[in-house]
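Have a look at the structure below before the remarks.
What follows draws every value from the coordinates through simple rules; no lab data is involved. Only a predicted model underlies this, so the values are computations on that prediction, with no experimental measurement involved. As a convention, Cβ positions derive from the backbone with ideal geometry for all residues, glycine included, and neighbour counts pool all protein chains shown.
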Amino acid sequence: MKRKPKYSESWRERAANLQIKIEAAILLAAAYPGDESWLYRTHNWVCEVAEGHAPEWWSDLDCEAVLPREEKRVHLFTEAQMMRGRSHKLVALSVTP
């Protein structure tokens, strides 16, 4: 028998959206390797939340405390990677005769 998660469907949907953003961030991170291991760890537990397989103790309060913070973290990482890519292109353009 499958247990019912202790958090609402809206958090599962939000986690699923974050999962997509993390996957995009992982692709960006591949272009400029560094310490992106946190993305993989975050992706794992976000998938658990999105699929309703989070630990039994996980609740709406946990989602409320953690998901918005991780959304912001992934957003900032993605923006930084995109800026990094733009600056590399600008340097390449300025060096090209």
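Label positions at TYR32 and ARG73, each projected 7 Å from the Cα along the C-beta direction, are separated by 1.9 nm. Counting every other Cβ atom within 10 Å of each residue's Cβ, VAL49, VAL66 order from fewest to most as VAL66, VAL49.
Considering all C-alpha pairs of region 9-95, those separated by over 18 Å amount to 47%.
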